[in-house]
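Worksheet for the structure shown next.
The values are calculated or read from the model by the stated rules, or taken from the named source; none is laboratory data. Quantities reported herein were computed from a predicted structural model and do not represent experimental measurements. Cβ atoms come from the backbone with ideal geometry, glycine included; neighbour counts cover every protein chain shown. With ligands, DNA and RNA removed, areas are computed over all heavy atoms of the protein, side chains included. Shrake-Rupley method; radii C 1.70, N 1.55, O 1.52, S 1.80 Å.
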Amino acid sequence: MEAAGKVIKCKAAVAWGPHKPLSIEEIEVAPPKAHEVRIKIVAAGICRSDDHFLSGALNEVKYPVILGHEGVGIVESVGEGVTDLKPGDKVIPLFIPQCRECRCCKNPNSNLCYKNDGKYIGLMADGTSRFTCRGKPVYNFVMTSTFTEYTVVDEIAVAKIDDNAPSDQVCLLGCGFSTGYGSAVKIAQVKPGTTCAVFGLGGVGLSVVIGCKTAGASRIIGVDLNSSKFAKAKELGATECVNPKDHNEPIEEVLAKMTNDGVDYSFECVGSTGVMVSALMSCHFGCGTCVIVGVSPSSTKVSFDPLLLLTGRTIKGAVFGGFKSKDEVPKLVSDLMANKYSVDGLITHRLPFDKINEGFRLLREGISIRTILEF
Ligand code: PAD
Ligand code: ZN
């Protein structure tokens, strides 16, 4: 490859701080060092988690930073020692890596890898950045940084996928779809004939709906404060939808009446501690399971009566739907290509990459489910 070993100048959406629009800038992307991969991004989705940093709800990230963690691209070049990837491969960057060596990676029941960047260090393994803008180093975001024409990721944070996979769809497997779908099929392990409640009908919640339907749930109740989300939820498998604003009683009481004392599985896909408690209370007292999927603002805490658990409820949570990223993303891609599920319904908007701020506006105003940025 022509640029291999050289710095690439390209466009990126740089976040200089919270509460500011992203700025499309020319950046320099250094070549990948040992065990790193430089990727040309082809398509990227905008997830609410990206917005949590811009809105200030999550405040741990360091600026300037290149956000974005839901993308797909083509390997441009690889650093020394990378054996499982080569230039031209189609890949999905992974915000939860898989080193295959740590205690979590070795445990079949965990998908968290010790080498994840949950502390938002924003640098490569050697403690430096591969991005420079206006002479300043720019931090990366959860090992991925997809809002740029080129990114550099650690080899443990990239999954090789089928070269024929539809890029504009499979980018959603980098976060939103896999997170929601896995929360239903892998974390809750929804059983056929059961009743589910999904709180929050954004890209993640609707992916939970798809997972519940695939698992054979007979009732899937969508819950959202924005009733304009209901038509899409029903199209994707929700059997009924409820807006808490239409009721005087708390939503858990409404759901209890609708479901003979509570649902079998409830999913919190909003990121609100209040909704987390409602979701827990909405599942059946003796045999219900509540899965926490949403990310709540920094330093918030959940408080609930422990009796809610003593009677027999289970509460669980997971990132990335519990999928072991490097192993399972390629399989999720194959399943999509085999029509085992579809992500078409999640894509409401497509925009050229440099219209990214418009994409964030559509998300904040509750208009979009997922906007796909095309590079
Ligand atoms: P989104 O903003 O597209 O969807 C959230 C939905 O919740 C919207 O439709 C809102 O109208 C609705 N909502 C807001 N408040 C309430 C309420 N009180 N009751 C019911 N509904 C409400 O976001 P998203 O789908 O992209 O992400 C959802 C959450 O999941 C968010 O917190 C995000 O950070 C988190 C997330 N977690 C993971 C993970 O790995 N666990 C991955 C990706 C996203
Ligand atoms: Zn995400």
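Structure above, values below:
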{"read-out": "Mean Kyte hydropathy of 0.5 or more with a Cα span along the axis of at least 15 Å, helices from DSSP in the chain", "value": "203-214"}
{"read-out": "222 nm mean residue ellipticity, helices alone, for the chain (DSSP H n ≥ 4; -39,500 (n - 2.57); rounded to 500)", "value": "-6000 deg cm²/dmol"}
{"read-out": "Those lysines that a straight Cα-Cα span of less than 29 Å connects to Lys245, excepting residues fewer than 8 apart in one chain", "value": "Lys213, Lys229, Lys232, Lys234, Lys257, Lys301, Lys316"}
{"read-out": "Cα-Cα over 30 Å, subset of Lys86/Lys191; Lys11/Lys90; Lys106/Lys160", "value": "Lys86/Lys191"}
{"read-out": "Convex hull of the range 20-122 built on C-alpha atoms - directionally averaged projected area, nm²", "value": "8.0"}
{"read-out": "Radius of gyration, Dmax [the range 2-50; alpha carbons; angstrom]", "value": "13.4, 39"}
{"read-out": "Near-label residues of the range 5-20 by backbone N, under 11 Å of a point 7 Å along Cα→Cβ of Tyr63", "value": "15-20"}
{"read-out": "Nearby aspartates and glutamates by direct alpha-carbon distance to Lys62 (threshold 16 angstrom, same-chain neighbours under 8 apart not counted)", "value": "Asp50, Asp51, Asp117"}
{"read-out": "Compactness of the range 130-202, expressed as Rg and Dmax over alpha-carbon positions, Å", "value": "17.3, 59"}
{"read-out": "Cα convex hull of the range 232-287 - mean projected area over all directions, nm²", "value": "4.3"}
{"read-out": "Accessible surface of the range 242-323 [probe 1.4 Å, protein heavy atoms]: carbon and sulfur percent", "value": "56"}
{"read-out": "Global size of the range 205-309 as Cα Rg and Dmax, reported in angstrom", "value": "13.3, 37"}
{"read-out": "Computed FRET value (nearest 0.05) for Ser227 with Ile121, which takes r as the C-beta separation and R₀ as 45 Å", "value": "0.65"}
{"read-out": "The chain - convex hull of the alpha-carbon atoms, volume per residue in Å³", "value": "128"}
{"read-out": "Debye intensity ratio I(q)/I(0), log10, the range 55-175, q values 0.18, 0.19, 0.23 Å⁻¹ (C-alpha model)", "value": "-1.02, -1.13, -1.47"}
{"read-out": "Cα-centred dipole magnitude for the chain, charges only on beta-carbon of K, R (+1) and D, E (-1), debye, nearest 20", "value": "300"}
{"read-out": "Nearest-0.05 FRET efficiency for Lys191 and Asn107, computed from C-beta distance (R0 25 Å)", "value": "0.55"}
{"read-out": "Dipole of the chain, positive direction: furthest Cα of Phe53, Gly182, Leu310, with charges on the beta-carbon", "value": "Leu310"}
{"read-out": "Proximal charge balance of Ile347 [Cβ under 10 Å; K/R count +1, D/E count -1]", "value": "0"}
{"read-out": "Sequence-distant residues sharing a close amide H with Cys290 (under 5 Å, placed H)", "value": "Ser266, Thr314, Ile315, Lys316"}
{"read-out": "Counted charge near Leu85, where neighbours are those whose Cβ lies closer than 12 Å (Asp, Glu -1; Lys, Arg +1)", "value": "-1"}
